[in-house]
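Colleague: Structure incoming, see below.
Coordinate-derived values only; no laboratory data. Keep in mind it's a predicted model, so treat the numbers as computed, not measured. Every residue, glycine as well, gets a Cβ built from its backbone with ideal geometry; the counts of neighbours run over all protein chains shown.
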Amino acid sequence: MLAAPAVILPGTAAATVCYLAALAVIAAGLIAAARSLPVDQRRIWMPWIAGVGCAITGSAVWQVRMDVALVCWLVFYLPITVAVVRMIEARALPRPVRHAIAKDVAVATVAMTVFAWYVLIQPTLAKSAGGGGWSTVAAFCFPLGDVVIVGLALTVLLAPGRRTASEHLIVTGLTLSLLADLGNALLPPTARADIWYTPTYLLVNGMLTAAVLHRSRATPAEPAVRAATAPGMRGWRMALLGTALCAVGLSTIALPNRGWDRAPATAAMITMIAVILSRLRRAVTDLENAERMLRHQATHDQLTGLANRARLLHEMRDAVRASPTLFFVDLDGFKAVNDTHGHHCGDIVLKVVAKRLTGIVRRSDTVARLGGDEFVVCCTGLTGADVTALTARIEGALAEPIDVGAGPVTIGASIGVLTLPPADPLTEQSAEDLISNLLSTADAAMYEAKRAGGGTRVVDYVLTA
């Protein structure tokens, strides 16, 4: 509301008074924010407050001391950059996520830099060729400073997690600042700057102050949601990269046909293509890794990492043609461990059992967990002596005490052993039926051992072809 006279009555005393009053209100909000900052948030937000304070000071004196205003506006970029860099550090992003975001931001920043060079810097330098040193410095620093801080703010916005009002105010305010500088450079000198420029920068300063006043200001100072892999290339990320690449490509076409005029845009386009290809390669690699992980989760037990029932059935389709031996293992005393020490200790027991079983068989053998405390070991090509020896190793491995943190525990095992002699070639359906019969028979053998007294007694079942 205080900015309205600058639009309705530009150049009047009322407009100036309202403009200064609006700056005073924003400055008061900035002071209140500085006083209310918790200690753990000051490292990020105090440079931010200092930068916005410089911008407000420049906005207050530009009509009477343009040289002082230019210094204040140039100083604005340094503390704001420090603050946003510290926000990025506070997010504590994993390395793959950091690299992916850096590549996305690099593409956007290169595009903005090329645009700033051709549309803002070169024309402004040409207009200020006969001017003083401050004009040249401003022509270079303002557009590049805007590009840097918008790129950094985009990094904050691309971090995983829910976006907060404070982050939206940061990105919107900095982007609006870039657009205001763009309008100031492109609009003809006859356009009244105080009609649009003054209210726009009041809005920018207000947004940047509101970002530190908002209750969500703690979020940019906290670690982001953890993500193991880089964010995918979809949605508005693809739109961002595509728009940036197209903008630079169109600029090379629109420029006059002079080699050195096109050189920066051409170099930028080559750089952007290389970065985007690297990003695509990483996205494809992450997709392949995700698919591999899903396949592993579909065929393996999540707690122990052993094969699950689906994987065991798949392995047995080949094993039934090679005289397999099944060891159906059920732990004795496992329920007592859960009841006495808790399920966490029970999980430790299951993991140790899985590790011990895996350690005493060949790499070509399959160890699976069917659920609960039931395990199956599937081996091929064993002789009678091999079966006896492996049974003894399983018994010995499972009889050793297991440290569960609350002290050692001892469990036993009931084992059902079943050997399938060499059989005639099987059809797919007969193989499925035989696998089901093998598992149910081995299960029955294990329960017979358990009914006979538990422990490690073994009952040997032999199926005939």
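Colleague: From the backbone phi of the stretch 28-38, what are the Karplus-calculated ³J(HN,Hα) couplings (6.51 cos²θ - 1.76 cosθ + 1.60, θ = phi - 60°) in whole Hz, Gly and Pro given as x?
Modeller: Each residue of the stretch 28-38 in turn: 5, x, 5, 5, 4, 5, 4, 6, 8, 5, x Hz.
Colleague: Starting from the Cα-Cα distance between K355 and R321, subtract it from 0.36 nm times their residue separation and give me the gain in nm to one decimal.
Modeller: 9.5 nm
Colleague: Which value in nm describes the separation of the simple spin-label points at T340 and Q63, placed 7 Å from the Cα toward the beta carbon?
Modeller: 8.6
Colleague: Which of the peptides 329-336, 149-156 is most tightly packed, and how do the rest follow, judged by the mean count of other Cβ atoms within 10 Å per residue?
Modeller: Per-residue Cβ counts within 10 Å, averaged per peptide and sorted highest first, yield 149-156, 329-336.
Colleague: For an R0 of 45 angstrom, estimate the FRET efficiency from the Cβ-Cβ distance between R393 and S278 and round to the nearest 0.05.
Modeller: About 0.35, to the nearest 0.05.
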